[in-house]
1. Enumerate the pairs (first residue in the stretch 92-107 and free of Cβ contacts under 8 Å to residues at least 60 places away in the same chain and at positive phi; second residue anywhere and open to solvent by 80 Å² or more (accessible area, probe 1.4 Å) and part of a helix (DSSP H, G or I)) with beta-carbon separation below 9 Å, excluding pairs fewer than 6 apart on the same chain, so at least 6 apart or on different chains.
2. What single numbered condition from (1) of a type in the set (Ser, Thr, Tyr); (2) touching a Leu at 6+ places or on another chain (Cβ under 6 Å); (3) open to solvent by 10 Å² or more (accessible area, probe 1.4 Å) fails to hold for residue 191?
3. Given the options 99, 119, name the one that is under 23 Å from residue 52 (Cα atoms) and at pLDDT 95 or above.
4. Filter the stretch 116-158 for residues that are touching a residue at least 24 places away in the same chain (Cβ under 8 Å) and polar (S, T, N, Q); which is surrounded by the most Cβ atoms within 10 Å (Cβ to Cβ)?
5. Consider residue 135 carefully, then state whether it is modelled with pLDDT under 95 and under 23 Å from residue 185 (Cα atoms).
6. What about residue 75, is it of a type in the set (S, T, N, Q), closer than 18 Å to residue 37 by Cα and touching a strand residue (DSSP E or B) at 6+ places or on another chain (Cβ under 9 Å)?
7. What do you reckon, is residue 88 closer than 23 Å to residue 45 by Cβ, at pLDDT below 95 and touching a Lys or Arg at 6+ places or on another chain (Cβ under 7 Å)?
Amino acid sequence: MRKDEAKLKVILASGSPRRKELLKMVVPEFEIIVSGAEENLEEGLMPEEQTTRLSYLKAKNVFNETKGDRIVIGSDTIVVKDEKIYGKPENKEHAKQMVKELLDGDRTHYVITGLSVIVENDGECKEYNTFDKVKVYFSDITDAEIEKWIDSGEAMDKAGAYAIQGRFGVFVEKIEGNYSTVVGLPIHKVYDIIKKYI
């Protein structure tokens, strides 16, 4: 698809290089405007509701700052184990604690990525809010391997202190669900929503 064939301008409301690479699978050219929305969890919401809400806040923030016919895509990823939500670690010790907790028991947890797409087309606005959930299985990881991972620095800006697409991928035994959801943008759902507009 050439740029001049696109019906609407597409804006990704995220500075994540991982989400950028995933969106390129669907839209070769798009703008990136990092959302200024507060990313605080709201008490009393289920993890699925939390991540969908945060995705919407990100998309809405950028949508309100832009004009014209456009598609704004917001996304948020959280890691959940035993109903506890894991965001990005505050420091190295926190990151180590996260990985150890995710290894507890059967070494499984869930990654939930929310998705919000807000479209303005010929003066008409539509909002699409959804999420995708994936079960992740870790292999056994030694303390020395955890230390090495944390010391790499790659853990610090990732929900749950790990990234499946980076060096940590060797410790992911398998997943049940869509790979792109674990990376941070359920690209199959993005395409399903925006295919009629692009």
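The values are calculated or read from the model by the stated rules, or taken from the named source; none is laboratory data. Bear in mind the structure is a predicted one, so any value in this text is a computation, not a measurement. Positions of Cβ are backbone-derived with ideal geometry, glycine not excepted, and every protein chain shown enters the neighbour counts. Heads up: the accessible areas ignore ligands, DNA and RNA and are worked out on the full protein's heavy atoms, side chains in. Shrake-Rupley method; radii C 1.70, N 1.55, O 1.52, S 1.80 Å.
1. Listed pairs, sorted by first residue: none to list.
2. Only one criterion is unmet by residue 191, namely (2).
3. Details: 99 fails: under 23 Å from residue 52 (Cα atoms).
Within the list 99, 119, the selection yields 119.
4. My answer is 116.
5. Working: modelled with pLDDT under 95: no; under 23 Å from residue 185 (Cα atoms): yes.
Against the criterion (modelled with pLDDT under 95 and under 23 Å from residue 185 (Cα atoms)), residue 135 does not qualify.
6. Working: of a type in the set (S, T, N, Q): yes; closer than 18 Å to residue 37 by Cα: yes; touching a strand residue (DSSP E or B) at 6+ places or on another chain (Cβ under 9 Å): yes.
Spelling it out, residue 75 is indeed of a type in the set (S, T, N, Q), closer than 18 Å to residue 37 by Cα and touching a strand residue (DSSP E or B) at 6+ places or on another chain (Cβ under 9 Å).
7. Details: closer than 23 Å to residue 45 by Cβ: yes; at pLDDT below 95: yes; touching a Lys or Arg at 6+ places or on another chain (Cβ under 7 Å): yes.
It is true that residue 88 is closer than 23 Å to residue 45 by Cβ, at pLDDT below 95 and touching a Lys or Arg at 6+ places or on another chain (Cβ under 7 Å).
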